[in-house]
Structures are given as structure tokens and as C-alpha cells.
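One structure is given below, encoded as C-alpha cells.
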Amino acid sequence: MSTVAPGGLQALPADLPPRGPARRLSDLLYTRRGLLLTALLAPPLLWFGVIYLGSLFTLLANAFFGLDDFTGQVVREFTLDNFKALADPANLDVARRTVTMALAVTFTCVVLAFPVAYTMARHASGAQKAALYILVMLPLWSSYLVRLYAWKLLMAKEGAISWAAAELHLGWLLDALLSLPTVGGSSLSFSTIGTFIVFVYMWLPFMILPLQAAIERIPGSYIEASSDLGAHPRTTFWQVVFPLALPGIAAGSIFTFSLTLGDYIIPQVIGDSTLYIGQVVYRQQGVAGNLPFAAAFSLVPIIVVGLYLWIAKRMGAFDAL
């Protein structure tokens with residue numbers, strides 16, 4: 001029952017109902033914020049630790065197993081033969097070619113992304129800035145495979161690019177480009193150049209966005225001070241803008257480098273018979289059924305990306321993510 005306090009005010013009921021389990025749990029989580037944080041992070045961390053890392057370690061454990069040449073079954077006996085096979089000239093050539101392509105794509109994305117990112121960060125505003133954002137992200141709204149096969153049609157021997165080159169009397173330039181050793185081919189869709197172009201197109205938005213965010217954080221007073229001190233715009237760019245934009249470049253390069261390093265669909269659809277790491281892993285696991293060697297080869301991009309992430313972290317890449 002309730003009581004009347006002095007002054008005629010209604011007091012709280014004398015007999016409060018007992019608190020239920022839900023209320024006690026709510027009070028416990030409210031008073032102990034660390035427990036609440038643990039409860040919120042436990043499901044995603046459990047998924048990441050058990051399902052993702054568990055499956056990854058299970059895959060890599062197969063790298064130390066062998067393959068029976070007669071039955072094609074995995075022999076669960078410890079061996080280092082798969083790692084010895086990685087030192088074969090053909091496999092080293094695949095790794096070298098893939099890393100070279102990833103570096104070339106990353107460098108080109110930086111060169112192409114910087115003017116766009118700088119315009120978005122320093123000169124565009126309002127509707128113009130929104131339009132640039134839409135133009136950058138518009139390709140990401142369509143299917144990866146749709147964009148890939150659209151490029152295959154564009155770069156075919158009788159595709160739109162060959163037609164445009166012929167109409168502009170630049171067919172000789174395209175033929176000279178395709179006649180180059182190593183990177184040329186019968187057409188853009190069957191050449192290393194075509195593979196490179198599609199890689200750049202696919203990953204360019206992943207370079208523009210973090211680079212734009214990094215440039216936007218550069219105080220405008222720094223650029224104004226450089227100009228007031230009489231610095232040439234070229235000097236301002238290399239001495240002020242570029243060093244402060246390096247975290248954004250490093251952050252974007254994480255995407256462009258790692259995505260190129262592990263992709264196997266683009267080289268399979270666009271390009272000649274040249275193999276990359278992703279294709280070797282796919283064929284060894286899915287076609288040849290050699291899971292132990294595929295697992296050993298998958299260590300190569302993991303190690304390379306790990307080293308790249310370490311370098312990018314030292315450049316402050318994660319500050320721009």
C-alpha cells in the first residue's frame with residue numbers, strides 16, 4: 001500500500017513488486033558497460049574467429065598434406081612437397097606476374113584518382129559534389145559480372161573500341177599496341193593490356209573515395225600559406241598536398257592491390273592464357289582437385305598482402321579508412 005508523506009505528497013508504494021529476470025539483466029548491463037560491450041561484440045567476433053579464421057586455418061592445414069597420384073585422394077601425412085613445388089620456375093613466374101600486375105594497377109589508380117579526388121574535395125560543392133559522388137559510385141551499383149562482360153564486348157576484335165579507333169583513323173595505334181610482346185594479343189579482350197584496363201576500371205572507385213577523404217582533411221590554410229610564401233603550385237602539391245594525402249593513397253592501395261592480387265575471374269574472362277595466382281588456386285582446387293597444393297599457393301597472396309598491410313599501416317593508411 002502507498003503512504004502519504006508530510007506535506008500531503010504521495011509517496012512510493014511501500015510494497016514494490018519483485019523485479020523479473022529481464023529487469024535484473026537490464027540493470028546489470030546498464031551498470032556494467034564492459035559486460036554490455038562484450039555481449040554486443042561476442043556474436044561477430046565468434047563468427048570471425050570460428051567460422052572465418054577456423055575455415056582459413058583448416059584450408060591452410062591442408063598445405064602440409066599430400067595427394068595420392070593414383071587415387072587423387074588427400075593423404076593426411078605431414079609433408080613439405082607443396083612448398084617445394086612453389087619454388088618451381090613456372091610458379092614463381094605466376095607470383096611475379098601477379099604482384100607486378102597488382103602494383104601497376106595500384107599506381108595507375110593513384111594517377112587517375114588524384115585529379116578526381118582533389119576536385120571533389122577542394123573545388124566541388126553542393127549538387128556538383130553529389131553528382132561526382134554518384135558518378136564515382138555508379139559502376140558499383142551494377143553487377144560485377146555485368147560490368148566485366150560489357151568490357152569484353154567493348155574490347156572484342158569487332159567491338160566498339162576497335163570501331164572507334166578505325167573511325168578516328170587510329171587503327172594503326174591500336175594494332176601497334178596489340179603487337180607489343182608480352183602485353184599484346186589478337187584483340188584487347190585477349191591481351192594483358194585488356195586485363196590491366198579492366199582491373200583499373202573495376203578498382204578505381206576504391207582508390208578515389210579514401211583519397212578524397214584524406215585530401216578533404218587537409219587544412220586549406222596550409223595551401224594558402226604555401227601560396228603566400230611564394231611557392232609554385234607544383235611545389236605546393238609535392239611538399240604540402242601529396243605528403244598529407246599519403247594516408248589516403250595507402251588506404252586506397254590496400255583495396256586495389258589486394259583485390260587485384262586475389263581476383264581470378266577478370267583474367268579468366270579478359271586476357272590470354274596467362275595465369276595469375278587466383279587462377280592457379282582455382283584450377284588446382286576446383287579442376288585438378290589438388291587441394292593441398294592450392295592451399296600452399298594461397299599462402300603466397302596472404303603473405304604478400306600481410307607485408308603490404310604492414311607497410312600501409314606505417315604510412316598511416318588506417319587513419320584514412
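Looking for something assigned to a loop (DSSP other than H, G, I, E, B), touching a residue at least 60 places away in the same chain (Cβ under 8 Å) and over 20 Å from D88 (Cα atoms) - is there at least one such residue anywhere in the stretch 312-319? Yes, that holds for at least one residue. Scanning the stretch 285-298 for residues that are modelled with pLDDT of 80 or more, open to solvent by less than 40 Å² (accessible area, probe 1.4 Å) and more than 18 Å from the chain's Cα centre (by Cα) yields N290, P292, F293, A294, A295, A296, F297. In the stretch 121-148, which residues are touching a residue at least 60 places away in the same chain (Cβ under 8 Å) and either within 20 Å of M202 (Cα to Cα) or open to solvent by 60 Å² or more (accessible area, probe 1.4 Å) (or both)? Hits for the stretch 121-148 are R122, V136, M137, P139, L140, Y144, L145, L148. If the condition is being part of a helix (DSSP H, G or I) and either under 16 Å from L148 (Cβ atoms) or not aromatic (F, W, Y) (or both), then the stretch 172-192 contributes L173, L174, D175, A176, L177, L178, L188, S189, F190, T192. Applying the set (1) under 22 Å from the mean Cα position of the chain (by Cα); (2) not in a helix (DSSP H, G or I) to D272 leaves exactly one unmet item: (1). Looking only at the stretch 149-166, residues that are out of contact with any Leu (no Cβ under 9 Å at 6 or more places or on another chain), farther than 20 Å from F199 by Cα and either open to solvent by less than 100 Å² (accessible area, probe 1.4 Å) or at pLDDT below 90 (or both) come to 1 in all.
Of the helices (runs of 4 or more DSSP H) entirely within the stretch 217-265, those holding at least 1 residues that are open to solvent by 20 Å² or more (accessible area, probe 1.4 Å), closer than 29 Å to F196 by Cβ and free of Cβ contacts under 8 Å to residues at least 12 places away in the same chain occupy 233-236, 242-262. Residues of the stretch 48-83 that are open to solvent by 50 Å² or more (accessible area, probe 1.4 Å) and assigned to a loop (DSSP other than H, G, I, E, B): D68, D69, F70, T71, Q73, R76, E77, F78, L80. Does any residue of the stretch 187-206 turn out to be open to solvent by 20 Å² or more (accessible area, probe 1.4 Å), free of Cβ contacts under 8 Å to residues at least 12 places away in the same chain and over 21 Å from S273 (Cα atoms)? No, the stretch 187-206 contains no residue that is open to solvent by 20 Å² or more (accessible area, probe 1.4 Å), free of Cβ contacts under 8 Å to residues at least 12 places away in the same chain and over 21 Å from S273 (Cα atoms). I'd like to check something: does the stretch 24-47 contain any residue that is over 35 Å from the mean Cα position of the chain (by Cα), of a type in the set (A, V, I, L, M, F, W, C), at pLDDT below 80 and in a loop (DSSP other than H, G, I, E, B)? No, the conditions are met nowhere in the stretch 24-47.
Yes/no matrix, rows are residues, columns are (1) part of a helix (DSSP H, G or I); (2) of a type in the set (A, V, I, L, M); (3) under 28 Å from P301 (Cα atoms); (4) over 15 Å from the mean Cα position of the chain (by Cα):
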{"residue": "T106", "(1), (2), (3), (4)": "yes, no, yes, no"}
{"residue": "V110", "(1), (2), (3), (4)": "yes, yes, yes, no"}
{"residue": "S125", "(1), (2), (3), (4)": "no, no, no, yes"}
{"residue": "Q128", "(1), (2), (3), (4)": "yes, no, no, yes"}
{"residue": "A131", "(1), (2), (3), (4)": "yes, yes, no, yes"}
{"residue": "L140", "(1), (2), (3), (4)": "yes, yes, yes, no"}
{"residue": "L148", "(1), (2), (3), (4)": "yes, yes, yes, yes"}
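When P301 is tested against (1) farther than 13 Å from F257 by Cβ; (2) modelled with pLDDT of 85 or more; (3) open to solvent by less than 90 Å² (accessible area, probe 1.4 Å), only condition (1) is not met.
The values are calculated or read from the model by the stated rules, or taken from the named source; none is laboratory data. Nothing here was measured: the structure is a model prediction, and the numbers come from that model. Note: ideal-geometry Cβ built from the backbone for every residue, glycine included; neighbour counts use all protein chains shown. Quick note on the areas: whole protein, heavy atoms, side chains included, nothing else; ligands and nucleic acids left out. Shrake-Rupley method; radii C 1.70, N 1.55, O 1.52, S 1.80 Å.
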